[in-house]
Amino acid sequence: DAIRDFEQACRLNPYNDTALANLACARNNLGVTLAGKKNFSEAIRQFEAAKAQKPEDVSIRLNLLSTLVTVKNAAAVEREARELMKLRPNDPELALKVAAAFQKTENMTAAISILQETAERVPDNSRIHAMLGRLFYRNGELAESEFHLQRSAEIDPNDPETGRFLE
């Protein structure tokens with residue numbers, strides 16, 4: 001009912017940003033509920049509609065990305081992840097979430113690529129370097145792994161997890 005009412009408000013005044021934001025929020029909330037009920041195709045439809053109404057909203061985009069990962073749609077995960085990173089290319093937390101999504105769809109090359117791009121723009125983030133180190137280790141690229149783990153330890157010498165992994 002809320003979606004119907006917000007759609008009506010948007011039709012009456014298409015320049016009403018509050019109604020548009022509320023419509024996107026209602027669709028996002030419905031998508032979360034549907035995903036929780038494992039109705040993934042309808043959840044994706046709601047997230048896509050919310051994204052169309054509020055494309056800069058990262059939380060909507062992350063909900064969509066998470067659902068695409070759940071249904072193992074690797075191509076859609078890659079598209080959405082790349083679009084997300086265009087919104088906030090210097091956001092290390094977002095890069096870590098995107099890299100995790102790529103890992104869940106077994107796209108290690110894309111995960112490494114996103115993290116490397118972020119490390120170039122935000123060179124002093126220990127978590128980016130730590131994740132890069134772990135991914136390179138999994139790929140058998142030990143020199144790259146050691147470099148990034150050392151860098152992470154330099155930035156945050158109090159992180160015991162990175163120190164143990166480096167050993």
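The values are calculated or read from the model by the stated rules, or taken from the named source; none is laboratory data. All of these numbers come straight from a predicted model, not from anything done at the bench. Glycine gets a Cβ as well: all are built from the backbone with ideal geometry, and neighbour counts include every protein chain shown. Heads up: the accessible areas ignore ligands, DNA and RNA and are worked out on the full protein's heavy atoms, side chains in. Shrake-Rupley method; radii C 1.70, N 1.55, O 1.52, S 1.80 Å.
Details
- Residue within the range 40-57 that is aliphatic (A, V, I, L, M), open to solvent by 60 Å² or more (accessible area, probe 1.4 Å), free of Cβ contacts under 8 Å to residues at least 24 places away in the same chain and farther than 11 Å from Phe6 by Cβ present: yes
- Number of the exception - Arg127 against (1) under 17 Å from the mean Cα position of the chain (by Cα); (2) more than 22 Å from Asn73 (Cα to Cα); (3) buried (at least 24 other Cβ atoms within 10 Å of the Cβ); (4) not hydroxyl-bearing (Ser, Thr, Tyr): (3)
- Residue that is farthest from the chain's Cα centre (by Cα) [pool: residues in the range 130-152 that are assigned to a helix (DSSP H, G or I) and polar (S, T, N, Q)]: Gln150
- For the range 6-17, a tally of residues being of a type outside the set (Gly, Ala, Ser) and either closer than 13 Å to Ala50 by Cβ or open to solvent by less than 90 Å² (accessible area, probe 1.4 Å) (or both) returns 7.
- Residue in the range 86-95 that is open to solvent by 40 Å² or more (accessible area, probe 1.4 Å), closer than 21 Å to Ile112 by Cα, of a type in the set (S, T, N, Q) and out of contact with any Gly (no Cβ under 8 Å at 6 or more places or on another chain) present: yes
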